[in-house]
1. Could you rank the peptides 40-46, 60-66 by their average count of other C-beta atoms within 10 Å per residue, with the highest value first?
2. Given the pairs LYS5/LYS50; LYS18/LYS82; LYS50/LYS159; LYS5/LYS159, which are separated by over 27 angstrom at their Cα positions?
3. Taking 7 Å along the Cα-to-C-beta vector as the label spot, tell me the LEU13-TYR34 distance in nanometres, rounded to one decimal.
4. Rounded to whole Å, give me the distance from the Cα center of the stretch 134-166 to that of the stretch 27-63.
5. Would you mind ranking GLU134, GLU165 so that the residue whose beta carbon has the fewest other beta carbons within 10 Å leads the list?
6. TRP98 to VAL189: extension gain in nm, 0.36 nm per residue of separation minus the Cα-Cα distance?
7. When the chain is fully extended, how far beyond the present Cα-Cα distance does ASN62 get from HIS118, taking 0.36 nm per residue of separation?
8. To the nearest 20 debye, what charge dipole does the stretch 7-129 have about its Cα centre, counting +1 at the Cβ of each Lys and Arg and -1 at the Cβ of each Asp and Glu?
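Derivation of every value follows stated rules applied to the coordinates shown; laboratory data play no part. No experiment lies behind these values; they were computed from the predicted model shown. Because the Cβ atoms are built from the backbone with ideal geometry, glycine has one as well, and the counts that use them run over all protein chains shown.
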Amino acid sequence: MPYVKSEAPPDVLDVVRKAEAQADDCWRALQIRYFTTNLATWAVLTGGIKVVEGEQTARGSNTPHFDAMLANLSRLLAVAVKWTMQYGQPAADLNRRWTGELSAAVDQTVALAKQFSHFEVCFQGFHKGRYAAEVLSPGMIRFSVPGTERDRQVSAYQKGLRPREGRFAGQRAAQRPQEARVVDAFDQVLRACRLTGSLCFEYADPWNLWRELVPEYRDRVIALARRADTLSLGDYTLGIQFRLRRADHDLRGERTPVLSLVAGAGHVSDRIRGDGSLCPRLDRSALAFERRRFGEVPCHDR
């Protein structure tokens, strides 16, 4: 029988606690921890690029599989980088040399992080009362989300899942081709590459290319938001706004562009005054939460 944490008997809590402790120690088998922290972190991120390119080669980049891969990769790479930062050897001069030994260590780390990320989601969901745990055996636990079939339908819709057929079947828009200026920016980077070995090349940070890519990636981030601005909430909307700002000087003394999120709170017609002050009907705790997350959020009437 599945139990949420607040209703689970002591024997179920004990099995979950032991399984969680065992999962938390899985990093001890990693070979990546014998490399320096900075090399291991660079290698793991490079391994993430390998995963992206593999999926793109296999099925393309405008597929549900690619979206799922990006979502999963964002979680598992965070886990893997945490391991390299916590358990790697002290940082030293970074030698970006890709070897068979390093590649094998990265593959092991990415595979283990993928498995651990599922444990992380399930255990946190259980501790927060969002998941129920059912002990099938001393070494096997099944996690499930309590709720009705309708609750699961709403959850699936929010995750972007759609039926394969019928009136609610999911339809993906055709991938927009890159604009000529973006293609030119890529060509400029390629022409500036310098050959440093039989299988090696290098190039300077492509700031111009990154600036040209900002609009495309901004639109993609907005489209991937769980609660898109197109979701009808009556007087409320949950849009995402970005601003390209100039960051502080980097290590070379140059100023670098940064895409920053400047508004994630709901914009409410007639409930937030033009100066950003609150009207009585607005939930103050919600805006306070957004201010803690994003700093002072500029609010305007719409």
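1. Details: 40-46: 20.4, 60-66: 13.6.
Highest mean packing first, the order is 40-46, 60-66.
2. Pairs exceeding 27 Å: LYS5/LYS50.
3. If labels sit at LEU13 and TYR34, their model points lie 4.2 nm apart.
4. Their Cα centres are 29 Å away from one another.
5. Taking fewest neighbouring Cβ atoms as first place, the list is GLU165, GLU134.
6. Details: separation 91, 0.36 × 91 = 32.76 nm, distance 2.22 nm.
Difference between extended and current length: 30.5 nm.
7. 17.7 nm
8. Its charge dipole is roughly 320 debye.
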